[in-house]
1. Among the candidates B:95, B:112, which residue alone is part of a loop (DSSP other than H, G, I, E, B) and either modelled with pLDDT under 95 or closer than 19 Å to residue B:172 by Cβ (or both)?
2. Can you tell me which residues in region C:69-94 are buried (at least 17 other Cβ atoms within 10 Å of the Cβ), free of Cβ contacts under 8 Å to residues at least 60 places away in the same chain and assigned to a loop (DSSP other than H, G, I, E, B)?
3. For residues that are facing chain C (nearest Cβ under 10 Å) and within 18 Å of the chain's Cα centre (by Cα), scanning just region A:278-292, find the one that is surrounded by the most Cβ atoms within 10 Å (Cβ to Cβ).
4. Quick test for you: out of C:311, C:233, C:229, pick the one residue that is surrounded by 21 or more Cβ atoms within 10 Å (Cβ to Cβ), in a helix (DSSP H, G or I), out of contact with any strand residue (DSSP E or B) (no Cβ under 9 Å at 6 or more places or on another chain) and modelled with pLDDT under 95.
5. Kindly list the number of the only condition in (1) surrounded by fewer than 24 Cβ atoms within 10 Å (Cβ to Cβ); (2) in contact (Cβ under 8 Å) with a residue 60 or more places away in the chain that fails for residue A:128.
6. Only strands (runs of 3 or more DSSP E) wholly contained in region D:126-207 count here; list those with 2 or more residues that are within 14 Å of chain A (Cβ to nearest Cβ) and without any contact (Cβ under 8 Å) to a residue 60 or more places away in the chain.
7. Can you name every residue in region B:115-150 that is touching a helix residue (DSSP H, G or I) at 6+ places or on another chain (Cβ under 9 Å), within 14 Å of chain C (Cβ to nearest Cβ) and assigned to a strand (DSSP E or B)?
8. Against the definition (surrounded by fewer than 21 Cβ atoms within 10 Å (Cβ to Cβ), under 19 Å from the mean Cα position of the chain (by Cα) and outside any helix (DSSP H, G or I)), how does residue D:34 come out, yes or no?
C-alpha cells in the first residue's frame, strides 16, 4: 500500500466530493488488505490488542494525522473526512487508536511523533468531561495525582494527554502506572491510569470541548459504519440460508426486521454525517447535532448488532462467527463518552438552549 | 333476564370455583342480550351516555351491589368476583357506572338506593388520592368548596361521594354544579363537579385507600377483558380476511403481532386476577400487586387495541368498525387512577417497602 | 429552442409580472380546481409542462431549464408550473390514453377543468390491489362496470375516476385487469362519505352499478391495466410525498420538529427526566427522518440511487404513533378530552387515530417493510400462491 | 396394588431412612451419571418409575400415588424418583425401541449407567429439523451413517446419541427420516467442542463419518422418525422446562425477581426516575411471567387446556434481553469489563449474550411466534413450499 491521501488544494479543512471519495476508497482498500476478520481476531487475541505494522500503514496513508494541522505535518482535514474514514474503520472493526489520535491532534497538535504514528497518544478526560464519573485526577502544584478510569488505548500509549478542568497536560508513559482492564470488547482496550508525578502543561481548557466533540463525531462514524456492515452481513446470510425450502430472508419475520434495521443504520449514518458537518461549520445547532449523533448512532449499532444475531440464529451464537464482535464493539462504543440516556438528556438541554 | 347472583353459602366474601363460573356466565348472558355493539353505540351517542333499562337489569342481577355488604342488601362478594365481572363488562365495553358503584359500596355502604341501582353514585378522589392532580376541593367548616376534576359518572349521579384527606362526604346532586366534559371515550363519561354548599360526613379516611384499590382492581379486570376481546376480534378477522390469495393471518407479520398480543392480554389477565386475590386476602404484597395491575393492564389494553387496528388495516380506520371504540376505552382507562409511569413508580416504591 | 437560461428567466419574469395577480386558495386536493382560469393561462403560455413538446402545450425544455420555470413561479407563489413532474392525471393520460381521448382530456387536466379521483382500493382488496373484483364487461361502444371502491378522496366533485377493473377472470390476477377513466357523473355511480375513526369524512365509498365507460376511455392495452397502474402509482408517490398531516387544531401549541418540547414546557413537564428522555427520542426520530430525506435527495441529485427514500413512510409511521403516546403522557388527564375547547387534547387524540392514515394508508407498514426488504435490500420474495392461477380460483375478501 | 396412601408413604419413608445417605452432586446434565449406584438402587426398589408396570421395574401406581413417592424423595433431597415423567431417554426408548434393545437400555438409562446426547440439529437445518441431511444407508445388520450435527450437549461423555437421519431421499422431507440410538464410542464419530459467543463450550459439533448403527437400534418404523421425534421433543420440553440460566458469576449481586432492584440500589441509581421506570418494567415482566405460569398450571390442573403455557419462552426471551440492557444501563462504564474481578459486569455481559440461548435455542422467537399464532390462536399456516416435494429437490443449507 503506497497510497497517500490526496491533499486538499483549496480549503485546508474540507475536501470536495471527488477527493473525499478517493480518500475513503484508499482507506477501504488498505483495510481490505490489512484488516480482514482474521486480522481483527489476531490483534484482538494479542496481549496488547495493537498491531504496529497496521498502525504504520495507517500512518503512511496519512490517516493517523488526518485532522492534525498541515503545519504539524498532518493532512489538515476536518470532522467530515474523519467521520467518513471512521465509517470504514467501523465497518471492519479496526482495532487501532484512531479516535484517540484524532482527539490528541486537537488537544496536542504539537506533540512530536503523533501525526505519523511513531508515538501513540491516549487521552484521559477528567473533571467536567469525565464520561466515566469515576476519575479522581487533580492538579497538585505541577503534579497530577489520582487515577483516570477507563482510558482507551492507555496501555499502548507513549504519552497520556489529560484533559482536565485545569488545562491540558501531557504525561509520559514512564511517569504513570497503567493498569490494563479486562474488557468485554477486546478490540477496544482500556486501562486505568494512575498519576503520581510531574505533568507538562500543554494548553488551556479552551479546546477540550471541541476535542471531545471530535471524538464523538469519530465514534459516531465508526458506529454508523459498523451498523451498516453488520446489516450487510445479516442480509447476505438471510439471502443464502435456506430453511423450510426457502431463503430465510423470504420470511416476513426476517425481512421486516431487516427493513427496520435499514432505517436504524441509515439514520445513524445521517446523524453521524450531520454532526460532522455541523462541527466542521461550527453551526449554532452543532451541540444538538452532536448529542443526537451520540445516542442515535450508539443505539442504532447496538440494535442492529443485537437483532442481527437473532436473525442469524444458532450460527451467530458461535465464537467463530463475527456477529458477536460487532455486538461487543457496539456495547463498548455505547459507553465511550457517556451512555445514550445521558446524551438524550444533553440533547434536550441543547434544544432548550437553541429555543 | 331473571337470573340472580348465586349467594355465597360458606364465605361472605369469596365464591367457590363453580359459583364463580355461574356468576360470570350469568353476567355474560345478560351482556350478550343487552349490551351488543349496537347498544354500546346507542348509549355512547345518547346525551347522558347512560341506559337506565340496562342499569336496572344489572341491578336485578345483583351486579351493582356485588361488593356491597349483605347487611346492606348487597351480594357481599369481594375483589375476585368483581374483577371477573369486570372482565365481562370490559369485553363488551359496557357503558355503565360499575366501577363507581364498587368504590361507593366500600366508601358508603349505608347510603340508600346504591345497592339496587335505584340511585347512582359518583366518586371524587381529592387530596392525596386525586389522580387528576387538578382538583382543589377543601373542607371549610361543614361546607365543601372548590372543584373536583374528571369525576366519572358525575353527570348521571344522584349523589357525589367525596373521598378527601378530611374524610368521606356525600353531597346530593342538587347541591353541586356539574359540568359534563367532552370526552374522547364516549363510553366513559366524566364531569367536573363544583362544590358550594353543605356536605354530609359519612366516614373517616380509613377506607379510602381500600376503595381506591378496589377501583383499580375493577378497572384492571375491565382492561384485561377488553384486551382479550379486542385480540379475539382481530384474530377472527385475520383468519377470514384474504389478501394475496391467503388469509392475512397466515402472514408472519400478522401472526407474530398476534402472538405478542396474546402475551400482553394474558399477562394483563394474570395481573388483574392476582391483584384481586391479593386485595381479597390482604397480603403483605398487595400494594405491589395492585400497582403492577394498574400499569400492566392499562398498557396491555392500549397496545392490543393499537396493534389490533393496525392488523385490521383500512377497515378499522372506519367509524363503523368497533376497533376504535376499544382504543378509546383503553385510553380513558389508562388515565383513570393515574398513568402508567406513575404506577411503575408506585410499584418500585412498593417493592422497596417490601424489601 | 436554444434559449439561454438568462433569456428564459427574463421571459418568465416578464410574463409573470404581466399576468400573475393571485388566485383563490385550493383547499380540496382532488376536486375541480377553482384556479382553472389561471391554470389555463399558464398552460396556454407553455409553462404548465415545460419539459413536454409544443404539441402537448409544452416547450421542450431541458430538466435544468424547466427548473428555472418552476423556481420563478415558486418565487411569486404562483401555481401551475411544472405539472410535467407533478400532475398524476395528466401524466397518466398522456402516457396511456387513446389518441382521441387524450387530445381532449390532457389540456383540461392541466387547467384543472375536470375533477379527478382514484378508484383503486376495494373493500375486499386493501393492500392487494391486484385482487380487484370490480368487473368491466364489454358491450357495444365500451364497457359496463359493476363493483365497489373505497378510500376515494374527492369522489363527490370528480368528473372522472381512474379505475382499475377486471376484464378477464380466467387468467392469473395481474393479467386480467384493465385501466379506465370512468365518467363519474352518471347514473350507476353513487358516492357515499366514509366516516373515519377520527370522526371526519375525507374519503368516500363509491358504488358502481352497471355504469358505462366509452371505448376511448381505456388506458393502455386491454388486460394491461396492471402496468398502467404501476406507472400511475409511481407518479402518485412522487406527487403525494409525505401524506402525513399535522395536528388538526390550529391552536394546538408549538409547531416544528421540537413542538413536543414546547408542549412539554407548556404542560410544566420539562423537569421530569422520564419525560425528557421520551421527548428527546421523538424529536430525534423526526430530525433523523429529515436528515435521511435530505441525504437521499442529495444522493439522487448526484445520480446515485438512494436506498433511503423508501424509508420515510415507515419512519413517519413510528414518529406519529410515538408522538401521540408522548403527547398523551404530557397531558395526563387532559388527554381524556376532545373538541375545540381542548386543542392540546384534540391534537393528541387526533394524532393517535390519524397516525393510522400513515401506518395503514397507501400500503400498511407491513407492506412497506416487504417493499424495503425486497426492493431495497434485495431479499427474496415470498412464494406467491396466487400469482399463476386463474383469478376465478383465488380466494379473496 | 391397592395400597393406601398412608401405607405407601410409610413404605417409602422407611426405605429412604434405610437407604438414603446422600450422593455426589451431578454437574453435567447429559453425561454418565456419577450417582449410578444410588439410582440403580432406586430403580430396583421400583421408585424410579412408579407409574410403570412391574415388568419395567415400576409399581403400576396411579398418578396421585406416584406423586407421594416423588414428594417423599424431594423432601430428603434424594434424586431418581419419578423418571416416568422426567427421563427423556428412558421414555423414548420404552415407547419406540425394539424389544431386544429396550430390555437392555431402559434399565441402564434409569440408573444413569449410560451417557446420552441429542443428535438432531445440523448446520444446514437449524429451525427446520425436518430438513435433516445426515444420511443413514442400509447395510448388512444395520446402517452406515454420515453427516454432521451441532448444538450437542454432553456428546463427549455420551455412550449413545438419539439421532435423526434421512433414510429415504425420494419422498417429501417429513417422510424419509428415521430415528436411531447411535453408539457414540466408535471410530467414525468425532466430537469437537463448539465455542459460544459467551466464550464457553457447553455444546459440541459431532462429525459422523460412516459410523455403524446395529439393526436393533432403530426406534419406531423405518422412515417414521418424524413421529418419534415429535414425542421426544414433547418429553424434552417437559423435562427441560425453562432452560434459561441465571447470571454466570456466583457473586453477581442479589437474586430473585427483584434482583434488579438490588443492583440498582447497589449501583446508587435508585434515585434516578428513568432507572426506576425501566427497572420496574423488567421486574414486572418477570412477575407477570410467573403469574402466567402459575395460572396455566392451575388451569391445567382443572383439566382446562391453557393457552398460556406456550408463552413462557417468548416472554423469557424479552425479559432476558431487556434485563441485560437495564443492567448495562445501571452499571455504566463498569459494563465495559468482564472476568471474575468484575462480577456485576460479567453478569450483565454474559446475560447480553446468553439471552440468545433462550431467544434462538430450542426454536427461535420467530418460530415460537409461529407456534403460538397457529397452535394457540388457530391462525392459518403459511403455505409450505417443501412439504410435498421429494427431499432431493428441496433447496437447503
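The values are calculated or read from the model by the stated rules, or taken from the named source; none is laboratory data. Predicted, not measured: the structure shown is a model, and the values here were computed from it. Glycine gets a Cβ as well: all are built from the backbone with ideal geometry, and neighbour counts include every protein chain shown.
1. Numbers: B:95 fails: either modelled with pLDDT under 95 or closer than 19 Å to residue B:172 by Cβ (or both).
The unique qualifying residue is B:112.
2. C:79, C:80, C:81, C:82
3. Only one residue tops the list, namely A:292.
4. Working: C:233 fails: surrounded by 21 or more Cβ atoms within 10 Å (Cβ to Cβ); C:229 fails: out of contact with any strand residue (DSSP E or B) (no Cβ under 9 Å at 6 or more places or on another chain).
One residue alone meets the criteria, C:311.
5. Status for residue A:128: all satisfied but (2).
6. Values: elements: D:135-139, D:142-153, D:160-166, D:177-183, D:189-194.
Qualifying strands (runs of 3 or more DSSP E): D:142-153, D:189-194.
7. Once the filter is applied, which keeps residues that are touching a helix residue (DSSP H, G or I) at 6+ places or on another chain (Cβ under 9 Å), within 14 Å of chain C (Cβ to nearest Cβ) and assigned to a strand (DSSP E or B), region B:115-150 yields B:124, B:125, B:148, B:149, B:150.
8. On the way: surrounded by fewer than 21 Cβ atoms within 10 Å (Cβ to Cβ): yes; under 19 Å from the mean Cα position of the chain (by Cα): no; outside any helix (DSSP H, G or I): yes.
In short, no.
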